[in-house]
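Notes for the one structure printed next.
Values in this text are rule-based calculations from the coordinates and carry no lab data. Note that the structure is predicted; figures quoted are calculated from it, not measured. Don't worry about glycine lacking a Cβ; one is built from the backbone with ideal geometry, like all the others, and counts go over all protein chains shown.
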Amino acid sequence: MNVVLLHGFGENADIWDTFLPMLPDNYNFITLDYSKIAFCQTIDQYAQWVHSEIEERKITRFVLIGHSMGGYISLAYAEKHAEYLAGLGLFHSTAYADSEEKQKTRDKTAAFIKRKGTAAFIEGFLPNMYNETFKRKNGVYIRQQLDDNKKLPEEALIQATMAMKSRPDRSSVLKKLRMPVMFIVGKEDKFIPFEDSMAQLELLSMPYILILDHVAHAGMMEAPHSCAGITRDFLESCFR
């Protein structure tokens, strides 16, 4: 029973390291890492890269779980290769395209990275993933994350930023899926508007929903026990 996990933008696969041990060990967890890839120009191309990794491993049926940008890639994958999926999980992600305002922000992000570099960008970006309480209590962890993620290639971050900017609305994909879909939402998320998340929940035919008070953009870190609980139930339903 294979479960593939995709990290988000400005992260790498180690975002899952402390979360996965909380899940049952009868699954084969595969954490793909696209953080250094600079050859994908669209979210669809990232999804095709995922498919090449799946085919290389000779996997024909699996659950795909994505965090943030990883969720955008997961939705693109579901649009093209739904027959491979037993379920789809979205941690703090959205099927909606970027608003015009958000697209302008993406342009500013790409320009900032090009001008100032990865380290300066990650220093300002990464702490916004977490709520204030988590940041106060986990300063050492966040500093380690900052040090690690500052090593990400500038070109990979810029390409990812522009790919996110140009992605289409995939709410119709959510609506068509006839499989368990997990949606984890943080009420304090600074990147995914809470109202957008709530509107998308109505599209799901087999929903597994977790709405987290006092959680921002990283429920697997901020509320790991709650996230592990619903993920266990979700995975059980996928492979039932």
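Structure above, values below:
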{"quantity": "Cα shape, the range 169-240, gyration tensor, a/c 1.5 rule", "calculated": "oblate"}
{"quantity": "Gained length - Ala82 relative to His214, 0.36 nm times residue gap less alpha-carbon distance", "calculated": "44.2 nm"}
{"quantity": "Estimated [θ] at 222 nm from DSSP helical runs (n ≥ 4, -39500 (n - 2.57)) normalised by residues in the chain, nearest 500", "calculated": "-14500 deg cm²/dmol"}
{"quantity": "The range 43-95: translational diffusion in µm²/s, Stokes-Einstein, Kirkwood Rh over Cα pairs, 37 °C, 0.692 mPa s", "calculated": "305 µm²/s"}
{"quantity": "23 Å tail of the calculated P(r), the range 1-143, as % of Cα pairs", "calculated": "40 percent"}
{"quantity": "The range 65-184, dipole about Cα centre (Lys/Arg Cβ +1, Asp/Glu Cβ -1), debye to the nearest 20", "calculated": "140 debye"}
{"quantity": "The range 105-240: C-alpha gyration tensor shape, a/c 1.5 cut-off, then a/b vs b/c", "calculated": "oblate"}
{"quantity": "Distance from the range 29-58 to the range 197-222 (C-alpha centre basis), Å", "calculated": "24 Å"}
{"quantity": "Interchain or long-range residues, amide H under 5 Å from Phe29's placed H", "calculated": "Val3"}
{"quantity": "Largest-first principal axis extents of the Cα set of the chain (Å)", "calculated": "49, 37, 35"}
{"quantity": "Gain on full stretching of the segment that runs from Asn26 to Lys151 - 0.36 nm per residue minus C-alpha separation", "calculated": "41.6 nm"}
{"quantity": "Interchain or long-range residues, amide H under 5 Å from Gly66's placed H", "calculated": "Leu6, Gly89, Leu90, Phe91"}
{"quantity": "Exceeding the 31 Å Cα-Cα cut-off - candidates Lys137/Lys190; Lys58/Lys187; Lys116/Lys190", "calculated": "Lys58/Lys187"}
{"quantity": "Virtual paramagnetic centre 7 Å along Cα→Cβ of Gln144, amide N under 13 Å, in the range 2-26", "calculated": "14-19"}
{"quantity": "Under the span-like rule (Cα at least 30 Å along the axis, Kyte-Doolittle mean at least -0.5), DSSP H helices of the chain", "calculated": "none"}
